[in-house]
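The values are calculated or read from the model by the stated rules, or taken from the named source; none is laboratory data. The shown structure was predicted, so the numbers you read here are calculated from the model rather than taken from an experiment. Because the Cβ atoms are built from the backbone with ideal geometry, glycine has one as well, and the counts that use them run over all protein chains shown. These accessible areas exclude ligands, DNA and RNA; they are computed on the full protein's heavy atoms, side chains included. Shrake-Rupley method; radii C 1.70, N 1.55, O 1.52, S 1.80 Å.
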Amino acid sequence: MASNKVCDFCLEEQKGFFTRLHTTLDGYLACGNCRRIIAKYDLPLKFDVFQRLVTSEKEIHNIIMRDYLESHTPEQCIGKFYPLPEMKLHEGEICVNVIPAKLTVSGAAIPEELAVKTIAEVNRSTIHNVSDITEEGDPVTIEARLYETNAALYFLTNHFVNCHRLSNIVRTNTDGQTIKVLENGKGYTYTVSSTTMFMLRSEFYRVISSAQEKKRNLIYINSENTMTITPGTYDVPKHIQAGTYYVSAVKDDGLHIRDAAGKLHSMHNGRVRLDEGSQLEVTGEYHFRFNQVGNDILKELQRELDLEEKETEEEK
């Protein structure tokens, strides 16, 4: 009688005379179902990170990604899974995803002139951002490649270029066939064959990037009240204490503050109040000077309010 064996991907025991396990290129075992799933995403039959992700439950994806980084450096992962595309990029950009996509817009919104052909040529003056058609009449479906880099999401067509902030991609969208962007009150719905690998590659890159950023977290300079914040995502108060800061840009490539309610605010220079539950999304480099006087006043005010509330309760 044949002995029972376990699939290394789904970890389910395979029973019965007619059940067959397939041996992967690197010597692991895969059941028929996992083998079909891996083939569906055009992945080689081997025990690698994306093969494990597509055959596992979503709840353990982050564990699999971080486990992979225990035995591979971020640089090794980028070199292996995120090679340079044929499309020319801006200096320092890394291509995370390339996928064919469709966008339905109003024909009247399409410029007559030709657009730039490479991401390297995209700048403020060459971006059009043609959004979804919002009313009846003259719908045109445009097919082009959708590029996600570590800097932005691009949709380059013959006559217009859409360029979006990564933070404006709707990551909670679950229909499996559209990548949605909400930006400046407008919607952009990119229809694709499947969003699974796009989202997995995007999430794994963020995990890799986070691992790299740990090496260059907050660096205090000049005095104990001043720090330089480099690219990364920072929680308040986990990485930064709550309070009021004066912000000045060193390299003004992007500073966004997501408040506790989830609303995103842009910041460049000036005074900002960071409350518990807020999050900083930094793509540039900024000096933060802690406003000790202002925070002491706020603390004293809070103590007075607490005392007043206590006295009111005692009077009752």
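Annotations for the structure displayed:
- Loop chymotrypsin sites (Phe, Trp or Tyr not before Pro), the stretch 1-77 (other Cβ atoms within 10 Å of the site Cβ: 10 or fewer; DSSP): F17, F18
- Whole-number Å³ per residue for the convex hull built on Cα positions in the stretch 156-278: 151 Å³
- Applying both filters, DSSP loop and at most 11 other Cβ atoms within 10 Å, to the GluC sites (Glu not before Pro) of the stretch 77-108 gives E86, E91.
- Put a plus charge on the Cβ of each Lys and Arg, a minus charge on the Cβ of each Asp and Glu, and nothing anywhere else: the dipole of the chain about its Cα centre is then about 1400 debye.
- For the chain, the calculated P(r) over all alpha carbon pairs, in 20 Å bins from 0 to the bin holding the longest distance, is 25, 47, 24, 5, 0 percent.
- Using a probe of 1.4 angstrom and keeping all protein chains present, the accessible surface of the chain works out to 60 square angstrom per residue.
- Normalised by 2.2 N^0.38 Å, where N is the number of residues, the alpha-carbon radius of gyration of the stretch 1-154 equals 1.47.
- Selection of GluC sites (Glu not before Pro), the stretch 101-172, meeting DSSP coil and at most 13 other Cβ within 10 Å: E112, E113, E135, E136
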